[in-house]
Amino acid sequence: MASVGSLRGQPGYWTGLEKPPKEDPLLISLKTPQHADRVKRNSGDPYWSRLESRVWTVTLLLGTCLLYCARASMPICAVSMSEHFGWNKQQSGVVLSSFFWGYCLTQVIGGHVSDKVGGEKVLLVSAVTWGIITTVTPLAAHVTSTPLILVSMLRFLMGLLQGVHFPALASLFSQRVRESERAFTCSTVGCGSQFGTLVIGGAGSLLLEWYGWESVFYFAGFLTLIWGYCLSTYLLKGKGGFLAFEDLGKGFSRSAQTHGHGRRLFRKAPVWAVIIAQLSVASTSFTLFSWMPTFFREKFPDAKGWVFNVVPWLVAIPSGVFSGILSDYLISQGYKTIGVRKLMQIFGMGVSSIFVLCLGHADTFCQAIAFASVAVGLQTFNHSGLTVNVQDLAPSCAGFLFGVANTGGALLGVVWVYLSGYLIETTGSWGPMFHLVVAVNVLGLLVYLEFAKSERMDVEMIHI
């Protein structure tokens, strides 16, 4: 029998049982980024190169930041607009809530189309259109005799268009980011939500004070249009960045074919584990963030508003990046993927719930800020666990699956926000609201820990 040494240099000599020889120059060259890029181009590798991944990560981080800047423009300007147009609390509530009803309707369809034609195309078209809507909102409000109706309709349309953003991101990452880099990419881009909240909270407040509420919409809208122009011109140039009618036809042409496979996908326990966990994460986050400013204003009336509106988000940004780096590092060291995903969720849903409980029983403002900051920071670990796990299970339809889960989370969030308000009003205490958040989070975590897996569940659909 020929020895392994006698076969060195011949095709197929390495069985995989031995480590490759360190002195082999071919294997050394394969490790260089330049060679990897050449192989990527020649082999049709769908994943981004290291440089492309960095550029796209920064670009999508900015896009998510602007998404939240435009989304939060109305809440920031709601009081000033109400005084200008004579709206009461109920009418202001109609305008504010109209966004979320639109937001719930396009999660699934946005994810499905992204899976078929590419998430980058969906992101570009949606951003340009909601950027235009944000920009023209002040003009539309001034030229009509019924500003309440028109502004509510524009906010509903914005919700429809922004609803596709995160499902499109999930689809794009599953198709273009390597598994070993997904946690960092998802967590970094996800930090755009906290970054956007900070930007519009700071710049928007100054613009509102100096130039009036119209300037806040112009600020968010124009920046979004500039972002869309740069994305189309530099990253999608020559790649058909805008959706055409034939793209939409392609997105829906195979729906009937995939229907049976989709039903089989939803019969699998790990799929329902991520859906239930996302329901818990989205709904409780929506509830907590909706009521937390009111909690601080009522319990600590002498505290400065910018402190509790800024400090938790400042903590969340580095926390989210750290969780992504930690997750990818643990996997690269040989830890099981699903074990790392569950560890991230233990911090994101479990440990964070402990600090949510502490927040509800805080006696001083400093304690409350500390508990809120840690809770919000730990919740960013969900990007490195649950969000990436959706892509592990079904990379061929990650956008669709995430859209289903996020739709349920948004709808459930509306219910929890209302129920929380009812509990606060009837009991005269904030405790029941925080207990509700913790109970839903812990229930979702237990289901996830019991049934979650990282193996692909969409094998029947990969040739569709």
statement: Condition set aromatic (Phe, Trp, Tyr) and touching a residue at least 24 places away in the same chain (Cβ under 8 Å), scope the range 353-399, selection farthest from HIS112 (Cα to Cα): answer is PHE365
query: Which residue out of GLU120, GLU181, GLU209 is part of a helix (DSSP H, G or I), at pLDDT below 95 and buried (at least 22 other Cβ atoms within 10 Å of the Cβ)?
result: GLU120
message: Quick check on the range 387-445: of everything there that is of a type in the set (Ser, Thr, Tyr) and touching a Cys at 6+ places or on another chain (Cβ under 9 Å), which residue is nearest to SER187 (Cα to Cα)?
response: THR387
- request: Return the only residue of SER187, SER174, SER193 being open to solvent by less than 30 Å² (accessible area, probe 1.4 Å), of a type outside the set (A, V, I, L, M, F, W, C), closer than 18 Å to VAL274 by Cα and within 12 Å of the chain's Cα centre (by Cα).
  value: SER187
task: Residue by residue through the range 123-142, note down the ones that are over 30 Å from GLY86 (Cα atoms) and either among the charged types (D, E, K, R) or open to solvent by less than 10 Å² (accessible area, probe 1.4 Å) (or both).
output: LEU123, LEU124, SER126, ALA127
query: Considering the range 339-352 alone, what residues qualify as being more than 20 Å from the chain's Cα centre (by Cα) and in contact (Cβ under 8 Å) with a residue 24 or more places away in the chain?
result: VAL351
message: Against the definition (in a helix (DSSP H, G or I) and either on the phi < 0 side of the Ramachandran plot or at pLDDT below 90 (or both)), how does SER145 come out, yes or no?
response: no
message: Any residue at all in the range 318-339 that's in a helix (DSSP H, G or I), among the aliphatic types (A, V, I, L, M) and buried (at least 23 other Cβ atoms within 10 Å of the Cβ)?
response: no
message: Which count do you get for residues in the range 395-451 that are among the acidic types (Asp, Glu) and touching a Phe, Trp or Tyr at 6+ places or on another chain (Cβ under 6 Å)?
response: 0
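The values are calculated or read from the model by the stated rules, or taken from the named source; none is laboratory data. Note that the coordinates shown come from a computational prediction; the quantities given were computed from them, not determined experimentally. A quick note on method: Cβ atoms are made from the backbone with ideal geometry, for glycine too, and the neighbour counts reach across all protein chains shown. Heavy atoms of the whole protein, side chains included, go into the accessibility calculation; ligands, DNA and RNA do not. Shrake-Rupley method; radii C 1.70, N 1.55, O 1.52, S 1.80 Å.
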